[in-house]
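A short worksheet on the structure shown next.
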Amino acid sequence: MFLYSWLHLAGFDLPLDEVKRFRQHHSMTPGHPEFPNSEHNTPGIECTTGPLGAGVSNAVGFAVSEKMAEALFNTKDHKIFDHHIYALAGDGCFQEGVSAEAAAFAAHEKLDNLIVLYDSNEVTLDKMGEYTQSEDILKRYEAYGWEVYEIDGHDLNAVEKTLAAAKASDNGKPKFIKCNTIIGKGMVETEGTNAAHGEAGVPYVDNAKKNIGLPVDEKWYVSKETRYFFDQVQQKNKVKYDEWQKTFKAWSEANPDLAKMLHNAVDDKVHSAEEMLNAIPPTGAKAEATRVSGNKVIQHIAKLVPNYISGSADLHGSCRNYIEGGGNFGTGFDKKYSGRNLYFGIREHAMGTILNGIAYHGIFKASGSTFAVFVDYLRPTLRVAALAELNRVSWILTHDSIGVGEDGPTHQPVETVSGLRVFPNIDVYRPGDAEETVAAYVHSVTRKDGPTALILSRQNVDQNDALPVTERRHGTLKGAYIAKKETAPLDLIIIATGSEVQHALKVGKDIPGARVVSMPCMSVFERQSDEYKEGVLPSTCTKRIAMEAGVSGLWYKYASKVVGVDRFGFSAPGNIVMKELGMTPENLKAQIEMMN
Ligand SMILES: Cc1ncc(C[n+]2csc(CCOP(=O)(O)OP(=O)(O)O)c2C)c(N)n1
Ligand SMILES: [Mg+2]
């Protein structure tokens, strides 16, 4: 309500009637603000809030994006990017670990355009702050390398003065302003206590209004003075806005190529999937890990999509998502702010929220990599990216199965890939060879309504060379396709994904009535026409077996029998783990023979 009332007063197109419909179905004012998506379009909402701590680290993503935009687009003559990023956060936001990861990154990369205001009221929901926190948050932020300030948050002059000082300081430090406040100030019965956080304050509102001289019987009251104040602010801002438009026009005329790149980036205008597939030559791969195929593909993607950037939680080398010649983001060492590779350090959760922040900022398309099994460390951020429909985000998750081998069960995903598939609106691609990897990457940068996860293998996989490149690529864009057609009347369908497609093909080629279907992405397949789906998986053929080196559950939607891995793995060479847990063509064949 705080944010909605401000947006309304500041002149955004958020009518008072919509503010009054707070938390009602189809209103512009849902319970927690939501980034414009297919269900909400509230002007001025810059990111989806709700999970505490995420906002602080989203703000770090905004600050990254802004620094990058300054480095790429500002010229000696024209400065078109020069804004600061502000975040308002509470005790809960700093108790959550993700803000700590992001704060360390922000200081390390010297994001001095970031200003965080800490509403330090020493109160959370259940209890008074002292019940759960005794650390000195100010000292903690100072230790990270932030510039810290402490003020009385109710002293508006102090707020204004400190913000001005924070803005004026470009000393390489992000700014942290601890504003000491009293929750529910003026609500004498509960002020300063956790009871003021939510509903417990309601009975005391009338009294509070009386105390500060507001009419008690008016619920949606805006005083004349308040309106006047905001109108003045708007007029002042309009002058600055018109000035900026002039600079922007001059910049556009002087730098037409940059201007085109910026417009395309902001409008998210990319080549069509078809154009990209045409521009990426056949891989010619032999036996090759899909992470290695991915490394070749990402170089093409980086050329085709100039606003594409790719970070990693210290696993660029293993996940193979480094953009060659793209430079490294940040300051110090060989880094610069225009760098397209981001070194997040081993901070997966922050990486996820920062990617979301970059996407919200609305210029770049951001991917981040880690081992698939560690995606649980950023899982909360996948959820928000999916519901906020952040198509600018993708995750590159390698070491996709028990095939990882020696590192053992902590590093061998089993439930992970299916665990991602159950999110609404995440397209989870587990390509089976190099050409499927090409199409999966293309999907990740051309998708318009949500994020994509790319699940890639550590170990080599065979290529389905019997099928033309274009059929493998186009089939992949449809989520599933016939990887080997039956040569006799159809009486068996073998469905597989990723590194198990090679086994399905090996077994399928000796069974004339068997069709092999490669299904790299379930959700994309589900979005195809009934006709296409029936063409790939005819309902008349009920004898179907699926194979994947992961938990079997989801595959029963498509198959009557599943060769899966419903247990954790163990440490041994990858091919031994695969063999012991039944991920071989021999076992697939034996399982088919047992079907009636
Ligand atoms: C990750 C997460 N956990 C729990 C909650 C539920 N929750 C909402 S507000 C809140 C207390 C927050 O305290 P603080 O940030 O100090 O806000 P204040 O009460 O001072 O306004 C909790 C636990 C949440 N929104 N997100
Ligand atoms: Mg608090």
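The values are calculated or read from the model by the stated rules, or taken from the named source; none is laboratory data. Owing to the predicted nature of the structure, the values given are computational and were not obtained by experimental measurement. All Cβ positions, even for glycine, are placed from backbone atoms using ideal geometry, and neighbour counts span all protein chains on display. Heavy atoms of the whole protein, side chains included, go into the accessibility calculation; ligands, DNA and RNA do not. Shrake-Rupley method; radii C 1.70, N 1.55, O 1.52, S 1.80 Å.
Just one of the listed residues (Val428, Val507) is within 26 Å of Val305 (Cα to Cα) and surrounded by 20 or more Cβ atoms within 10 Å (Cβ to Cβ), namely Val428. Any idea how many residues of the range 51-78 are open to solvent by 40 Å² or more (accessible area, probe 1.4 Å), out of contact with any Asp or Glu (no Cβ under 7 Å at 6 or more places or on another chain) and of a type in the set (A, V, I, L, M, F, W, C)? Count: 2. Only residues that are closer than 13 Å to Cys179 by Cα and crowded, with 19+ Cβ neighbours inside 10 Å were counted across the range 152-166, and they come to 2. Residue count for the range 207-228 satisfying the condition of being assigned to a helix (DSSP H, G or I) and not aromatic (Phe, Trp, Tyr): 9. Where strands (runs of 3 or more DSSP E) fall entirely within the range 84-192, those with at least 3 residues that are under 31 Å from the mean Cα position of the chain (by Cα) and not β-branched (Val, Ile, Thr) are at 85-90, 114-120, 175-180. Restricting Tyr131, Tyr149 to those that are open to solvent by 20 Å² or more (accessible area, probe 1.4 Å), without any contact (Cβ under 8 Å) to a residue 40 or more places away in the chain and within 16 Å of ligand 1 (Cβ to nearest atom) reduces the list to Tyr131. Scanning the range 337-355 for residues that are assigned to a helix (DSSP H, G or I) and open to solvent by 10 Å² or more (accessible area, probe 1.4 Å) turns up Glu348, His349. Within the range 401-429, the set of residues being outside any helix (DSSP H, G or I) and either closer than 16 Å to Ser367 by Cβ or within 18 Å of the chain's Cα centre (by Cα) (or both) comprises Val422, Phe423, Pro424, Asn425, Ile426, Asp427, Val428, Tyr429. Against the condition at pLDDT 95 or above and either open to solvent by 80 Å² or more (accessible area, probe 1.4 Å) or of a type in the set (D, E, K, R) (or both), how does Asp136 come out, does it pass? Yes, satisfied. So, of the residues in the range 111-150 that are within 16 Å of ligand 2 (Cβ to nearest atom) and touching a Ser or Thr at 6+ places or on another chain (Cβ under 6 Å), which turns out to be nearest to Ala59 (Cα to Cα)? The extreme case among them is Asp119.
Just one of (1) assigned to a loop (DSSP other than H, G, I, E, B); (2) within 11 Å of ligand 1 (Cβ to nearest atom) fails for Ala195. It is (1).
Quick check: is even one residue across the range 61-70 more than 21 Å from the chain's Cα centre (by Cα) and either away from ligand 1 (no atom under 16 Å from the Cβ) or of a type outside the set (D, E, K, R) (or both)? Yes: the range 61-70 contains one or more residues that are more than 21 Å from the chain's Cα centre (by Cα) and either away from ligand 1 (no atom under 16 Å from the Cβ) or of a type outside the set (D, E, K, R) (or both). For the range 402-413, a residue qualifies if it is open to solvent by less than 10 Å² (accessible area, probe 1.4 Å) and within 12 Å of Phe374 (Cα to Cα), and the qualifying residues are Gln412, Pro413. Screening His443 on (1) assigned to a helix (DSSP H, G or I); (2) open to solvent by less than 10 Å² (accessible area, probe 1.4 Å) shows it passes everything except condition (2). Scanning the range 559-583 for residues that are outside any loop (DSSP other than H, G, I, E, B) and either aromatic (Phe, Trp, Tyr) or over 24 Å from Gly403 (Cα atoms) (or both) returns no hits. Here is a check on your reading of the model: is Phe35 in a loop (DSSP other than H, G, I, E, B), open to solvent by 50 Å² or more (accessible area, probe 1.4 Å) and more than 16 Å from ligand 1 (Cβ to nearest atom)? Judged against the criteria, Phe35 is not a match. Applying a threshold of 6 Å to beta carbon distances and a minimum spacing of six or more residues, or different chains, the list of pairs starting in the range 91-102 at a residue that is acidic (Asp, Glu) and ending at one that is open to solvent by less than 10 Å² (accessible area, probe 1.4 Å) and more than 9 Å from ligand 2 (Cβ to nearest atom) reads Glu96/Gly53; Glu101/Ala350.
Given the options Tyr556, Tyr532, name the one that is outside any strand (DSSP E or B), open to solvent by 10 Å² or more (accessible area, probe 1.4 Å) and free of Cβ contacts under 8 Å to residues at least 24 places away in the same chain. Even if it seems obvious, please write down each step before you answer.
On the way: Tyr532 fails: free of Cβ contacts under 8 Å to residues at least 24 places away in the same chain.
Checking each option against the conditions leaves just Tyr556.
Scanning the range 366-381 for residues that are under 10 Å from the mean Cα position of the chain (by Cα) and either of a type outside the set (A, V, I, L, M) or surrounded by fewer than 24 Cβ atoms within 10 Å (Cβ to Cβ) (or both) returns Ser367, Gly368, Arg379, Pro380, Thr381. Which of the residues spanning the range 510-529 are open to solvent by less than 50 Å² (accessible area, probe 1.4 Å) and farther than 11 Å from Gly479 by Cα? Result: Ile511, Gly513, Ala514, Arg515, Val516.
Is there a residue in the range 375-383 that is of a type in the set (Phe, Trp, Tyr) and either closer than 21 Å to Ala63 by Cα or not in a helix (DSSP H, G or I) (or both)? No, that holds for no residue.
Evaluating Glu274 against the criteria (1) in contact with a Lys or Arg (Cβ under 9 Å, 6 or more places away or on another chain); (2) among the acidic types (Asp, Glu); (3) open to solvent by 50 Å² or more (accessible area, probe 1.4 Å) leaves one unmet condition, (1).
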